[in-house]
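To start, the structure under review is shown below, and the notes come after it.
The values are calculated or read from the model by the stated rules, or taken from the named source; none is laboratory data. Computed from a predicted model, the values in this text were never measured in an experiment. Backbone-built Cβ (ideal geometry, glycine too); neighbour counts: all protein chains shown. Heavy atoms of the whole protein, side chains included, go into the accessibility calculation; ligands, DNA and RNA do not. Shrake-Rupley method; radii C 1.70, N 1.55, O 1.52, S 1.80 Å.
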Amino acid sequence: QVQLVESGGGLVQAGGSLTLSCVVSGSIASFNYMGWYRQAPAKQRELVAGITRGGSTNYADSVKGRFTISRDTTKNTVYLQMNSLKPEDTAVYYCSVVPINWRYWGQGTQVTVSS
């Protein structure tokens, strides 16, 4: 069983920055895929950013150029650096990993961006 613990959410003004962290109970260096998702009220959960075992990244169009996903395999931690935050980025952010072919989720961390 893989466990994920997110942190770093909070309240920030528009234009500000936050960094989310996701500590994983497992060796992420061997994981096939790691990603950050978000879910706003009354909306479906959506992919924000992902990174593969080989280091390739992908981003939602809405966050390209503002968000950066990264990982530290020595700390088994996945990060999401969020810059130039907008009110529409307000959501619960979830970390997710796919070690082989099963997806695990964290409990989520709230990000609120005020205008």
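Taking the solvent-accessible surface of protein heavy atoms with a 1.4 Å probe, what is the per residue accessible area of the chain in Å²?
Details: 5920 Å² over 115 residues.
Ligands and nucleic acids excluded, the figure is 51 Å² per residue.
Sequence-distant contacts, meaning Cα pairs under 8 Å at least 6 residues apart, place the relative contact order of the chain at 37 percent. With every protein chain in place and a 1.4 angstrom probe, the accessible-area ranking of 43, 86, largest first, reads 43, 86.
Applying the criteria of a DSSP loop state and at most 16 other Cβ atoms within 10 Å to the trypsin sites (Lys or Arg not before Pro) of the stretch 55-115 yields 64, 66, 75, 103. With just the Cα atoms defining each centre, how far is the stretch 14-40 from the stretch 62-107? Give it in Å. That distance is 3 Å. In the chain, the DSSP beta bridges split such that about 90 percent are antiparallel, to the nearest 5.
Below 10 angstrom from the Cβ of residue 66, what's the summed charge of the other residues (Lys, Arg +1; Asp, Glu -1)? Write down the numbers at each step before the final one.
On the way: positive: 64, 86; negative: 89.
Result for the neighbourhood of residue 66: +1.
Carbon-plus-sulfur fraction of the accessible area of the chain, 1.4 Å probe, in percent?
Working: 2900 of 5920 Å².
Of all accessible area on the chain, carbon and sulfur atoms account for 49 percent.
Listed by chain and number, the lysines whose alpha-carbon sits under 25 Å from that of residue 43, ignoring those within fewer than 8 places in the same chain, are 64, 86.
State the answer as a single residue: which of 9, 39, 112 lies farthest towards the positive end of the charge dipole of the chain, with beta carbon charges of +1 for Lys and Arg and -1 for Asp and Glu, about the Cα centre. Result: 39. Each residue was assigned an accessible area with a 1.4 Å probe, and for residue 30 the value is about 60 Å².
Measuring spread by the Cα atoms of the stretch 6-51 yields a radius of gyration and Dmax of 13.1, 37 Å.
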